[in-house]
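Chemist: Mind looking over this structure? Questions follow.
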Amino acid sequence: MPRFPSSHARTRTQPSSSPILSHSALAQPRKRLYVSAAYPHSRPVSMDAALRNEVLAAESSFLSAVVDEDRMAAFANEWQTTLERVNAALDAGILSRDTIKLCQAVMHSVFIVSSALQEGDRACASAVEGAAFDVQEYLKGHEGHAFAASSSVLCASHHKTSPSRQHHPSSAPNDLLAPYRRWFLDHFAHPYLTSADK
């Protein structure tokens, strides 16, 4: 009867000569080329930074246009282009929260200041028109009909060429608005009064 080794006996495993199981026959794992995590986002990040700089430049242009009205038309075109680019970037979802907050703050400031300037221009035009009417009424009562007729022609020609945002207003309305304009420029970043100012 043949003797078999007991299950407790140590047996030595023999190395396999099979090429399938050989380590040299196994394909070497490919090294993964790791792409920097920042690379896929480099374009949106650069677009975000570019739009941030564009909005800040537009804010600076607006302040220059408030001081020098000759620049207002150029600013209006630049501002329209900037708003379109910001809206497109918002729709694409590539703006950071900080840039969105900056855009909102600048847009709000531009809106507040431009609205106040327009309101001031309207009030100034109304005051000029009212003063012209008062002068005309005064002249009608004191200087006679012929002089009143000539003054009404003068008033009508002045009304046709009344100052608007596109044309240069006379120096008198600018002098009246100078303190308000200076206050807006000084408080452009924080347009609302604080409790201490009230």
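Chemist: Looking at Asp121, Asp134, Asp98, can you tell me which residue is modelled with pLDDT of 75 or more, among the acidic types (Asp, Glu), surrounded by fewer than 13 Cβ atoms within 10 Å (Cβ to Cβ) and closer than 30 Å to Thr82 by Cβ? So that I can check it myself, show each step before the final result.
Modeler: On the way: Asp121 fails: surrounded by fewer than 13 Cβ atoms within 10 Å (Cβ to Cβ); Asp134 fails: closer than 30 Å to Thr82 by Cβ.
Within the list Asp121, Asp134, Asp98, the selection yields Asp98.
Chemist: Within the stretch 160-174, is there a residue that is exposed (fewer than 11 other Cβ atoms within 10 Å of the Cβ), assigned to a helix (DSSP H, G or I), at pLDDT below 65 and over 33 Å from the mean Cα position of the chain (by Cα)?
Modeler: Within the stretch 160-174 (the criterion being exposed (fewer than 11 other Cβ atoms within 10 Å of the Cβ), assigned to a helix (DSSP H, G or I), at pLDDT below 65 and over 33 Å from the mean Cα position of the chain (by Cα)), the answer is yes, since at least one residue qualifies.
Chemist: Which one of the conditions (1) surrounded by 13 or more Cβ atoms within 10 Å (Cβ to Cβ); (2) more than 18 Å from Leu185 (Cα to Cα); (3) at pLDDT 85 or above does Ala58 fail to meet, given that it meets all the rest?
Modeler: (2)
The values are calculated or read from the model by the stated rules, or taken from the named source; none is laboratory data. Please read all numbers here as calculations on a predicted model, not as lab measurements. Neighbour counts are summed over all protein chains in view; Cβ atoms, including those assigned to glycine, are modelled from backbone coordinates with ideal geometry.
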